[in-house]
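Before any comments, here is the structure.
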Amino acid sequence: MKSKILNILRNTDDYVSGQQLCERLNVSRTAVWKAVKQLKEEGYEIDSVNNKGYLLKKIPDIINQAEIKSQLLTKWLGQRLDYFPCLDSTNTYLKEVAAKAAPHGTVAVADRQTAGKGRLGRSWSSPTGCSVYMSYLLRPDIAPTHASMLTIVAALATARAVEELTGLTTGIKWPNDIVINKRKICGILTEMSADMDSIEYVVIGIGVNVNMTQFEEEIADRATSLRIEGGEPVSRSQLIVRMLSYFEYYYEQFVKTEDLSAMLNDYNDRLVNRGREVKIVERQKEWQAVAMEINREGELVVKLPDGSMKKVMSGEVSVRGMYGYV
């Protein structure tokens with residue numbers, strides 16, 4: 001109800017009468033009044049005038065279910081959307097509901113996480129009210145060996161969403177870190193349950209630094225936020241709906257071929273280390289090469305000092321710039 005009223009008010013420049021809302025939503029005037037009252041209590045500035053109706057004047061930076069659903073344009077991703085003011089981890093939550101038959105395309109969003117997870121077992125700082133913490137539950141009919149490419153699909157979709165909303169130029173540090181001005185604004189963690197022949201589910205978790213204005217000392221030299229880079233606050237709900245739309249778009253391309261052929265140019269144009277010397281860290285071994293591009297399997301193609309080419313797979317391998325994070 002609230003998301004439908006928000007959708008109508010968002011897309012109307014003038015007052016919408018209570019009677020119009022009743023007729024469009026097939027509910028009572030009392031139900032409309034209660035829903036509008038709840039929206040006001042949540043921080044929406046809605047002008048109410050007798051004989052004129054309701055006018056949405058100001059939208060707060062909140063990311064609850066009604067706010068996101070009122071803007072959602074996807075066909076299947078996020079049609080089930082579970083929102084939590086606080087959660088241990090959106091990935092952990094989706095893995096739990098996946099075991100209870102939650103459908104393909106279920107999305108979990110939290111305003112704060114108490115146990116956010118990053119790649120290689122690292123933690124992800126998840127303070128309240130300033131960032132996006134979101135996970136997708138997917139049940140793709142693809143070979144399990146191809147599932148790791150979904151991380152790259154998510155990275156590209158997130159980069160496109162950020163660019164569209166903010167106008168900022170993004171780069172991607174292979175395989176899935178989104179960077180602006182050589183500092184990280186986004187991390188992605190993909191987890192899977194599968195056997196040798198089929199996938200039960202894939203969960204993709206994404207954390208984006210949106211309106212943070214400072215960082216802990218140990219990461220301040222390599223982390224940034226959209227607000228810091230753009231100089232003004234960014235709507236988290238608008239970013240979320242764009243992330244969902246772009247992921248659905250690229251995902252549908254990916255599952256047709258089970259490779260990245262349809263998005264290679266889009267990704268490689270953003271590959272921040274492309275043409276630069278990098279250090280490959282593999283277990284206890286380190287070696288240098290020049291990053292060239294990713295191939296359709298999502299591997300990083302690098303040029304070795306002897307001029308030969310080598311393909312590097314993500315997983316336990318890290319790629320670092322020679323003189324800093326990128």
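The values are calculated or read from the model by the stated rules, or taken from the named source; none is laboratory data. Not measured: the values here are computed from a predicted model. With ideal geometry, Cβ positions are generated from the backbone for all residues, glycine too; neighbour counts draw on all protein chains shown.
Candidates in segment 285-319 are the residues that are without any contact (Cβ under 8 Å) to a residue 12 or more places away in the chain and assigned to a loop (DSSP other than H, G, I, E, B); of these, the one that is surrounded by the most Cβ atoms within 10 Å (Cβ to Cβ) is Ser308. When segment 2-32 is filtered for residues that are exposed (fewer than 14 other Cβ atoms within 10 Å of the Cβ), of a type outside the set (Gly, Ala, Ser) and more than 10 Å from Leu56 (Cα to Cα), the ones remaining, listed by number, are Gln19, Glu23, Arg24, Asn26, Arg29, Thr30.
Report whether or not Thr169 is assigned by TED's automatic domain parsing to the domain that holds Ala108, modelled with pLDDT of 95 or more, farther than 23 Å from Thr90 by Cβ and in a loop (DSSP other than H, G, I, E, B). In short, yes. For Lys100, are the conditions met, namely being charged (D, E, K, R), at pLDDT 90 or above and in the same structural domain as Ile199 (by TED's automatic domain parsing)? Against the criterion (charged (D, E, K, R), at pLDDT 90 or above and in the same structural domain as Ile199 (by TED's automatic domain parsing)), Lys100 qualifies.
Against the test of being modelled with pLDDT under 95, crowded, with 17+ Cβ neighbours inside 10 Å and on the phi < 0 side of the Ramachandran plot, the options Gly187, Gly118 yield a single qualifying residue, Gly187. Only one of the numbered conditions (1) over 26 Å from Thr92 (Cβ atoms); (2) under 15 Å from the mean Cα position of the chain (by Cα); (3) touching a residue at least 24 places away in the same chain (Cβ under 8 Å) is not met by Glu163, and that is (3).
Residues in segment 1-47 that are assigned to a helix (DSSP H, G or I) and of a type in the set (D, E, K, R): Lys2, Lys4, Arg10, Glu23, Arg24, Arg29, Lys34, Lys37, Lys40, Glu41.
Let's see how each residue does on (1) touching a Ser or Thr at 6+ places or on another chain (Cβ under 7 Å); (2) in the same structural domain as Asp177 (by TED's automatic domain parsing); (3) not aromatic (Phe, Trp, Tyr):
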{"residue": "Phe247", "(1), (2), (3)": "no, yes, no"}
{"residue": "Tyr251", "(1), (2), (3)": "no, yes, no"}
{"residue": "Leu260", "(1), (2), (3)": "no, yes, yes"}
{"residue": "Leu264", "(1), (2), (3)": "no, yes, yes"}
{"residue": "Glu286", "(1), (2), (3)": "no, no, yes"}
{"residue": "Met292", "(1), (2), (3)": "no, no, yes"}
{"residue": "Glu297", "(1), (2), (3)": "no, no, yes"}
{"residue": "Leu300", "(1), (2), (3)": "no, no, yes"}
{"residue": "Lys303", "(1), (2), (3)": "no, no, yes"}
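For segment 8-34, the set of residues classified as of a type in the set (Lys, Arg) and out of contact with any helix residue (DSSP H, G or I) (no Cβ under 7 Å at 6 or more places or on another chain) consists of Arg10, Lys34, listed by residue number. Among the helices (runs of 4 or more DSSP H) confined to segment 205-284, the ones with at least 2 residues that are among the hydroxyl-bearing types (Ser, Thr, Tyr) and in contact (Cβ under 8 Å) with a residue 60 or more places away in the chain are located at 236-257. Scanning segment 296-305 for residues that are farther than 18 Å from Ser318 by Cβ and out of contact with any helix residue (DSSP H, G or I) (no Cβ under 8 Å at 6 or more places or on another chain) yields Lys303, Pro305. Being under 30 Å from Ile59 (Cα atoms), among the aliphatic types (A, V, I, L, M) and under 15 Å from the mean Cα position of the chain (by Cα) is a property that Met212 lacks.
Each residue in segment 213-227 was checked for being buried (at least 19 other Cβ atoms within 10 Å of the Cβ) and either more than 21 Å from Ala110 (Cα to Cα) or of a type in the set (A, V, I, L, M, F, W, C) (or both), and 2 pass.
When segment 1-24 is filtered for residues that are farther than 21 Å from Val241 by Cβ and of a type outside the set (D, E, K, R), the ones remaining, listed by number, are Tyr15, Val16, Ser17, Gly18, Gln19, Gln20, Leu21, Cys22. Within segment 1-27, residues that are within 14 Å of Ile46 (Cβ to Cβ) and in contact (Cβ under 8 Å) with a residue 12 or more places away in the chain sit with their Cβ atoms under 8 Å from residues that are small (Gly, Ala, Ser) and assigned to a helix (DSSP H, G or I), at 6+ positions apart or across chains, in these pairs: Lys2/Ala35; Lys2/Ala66; Ile5/Ala35; Leu6/Ala66. Assess whether Pro85 counts as being assigned by TED's automatic domain parsing to the domain that holds Leu138, over 27 Å from Tyr251 (Cβ atoms) and either among the hydroxyl-bearing types (Ser, Thr, Tyr) or at pLDDT 90 or above (or both). Considered against the rule, which asks whether it is assigned by TED's automatic domain parsing to the domain that holds Leu138, over 27 Å from Tyr251 (Cβ atoms) and either among the hydroxyl-bearing types (Ser, Thr, Tyr) or at pLDDT 90 or above (or both), Pro85 comes out as yes.
Checking segment 175-191 against the condition returns no match, with no residue being in a helix (DSSP H, G or I), under 22 Å from Ile68 (Cβ atoms) and in the same structural domain as Val255 (by TED's automatic domain parsing).
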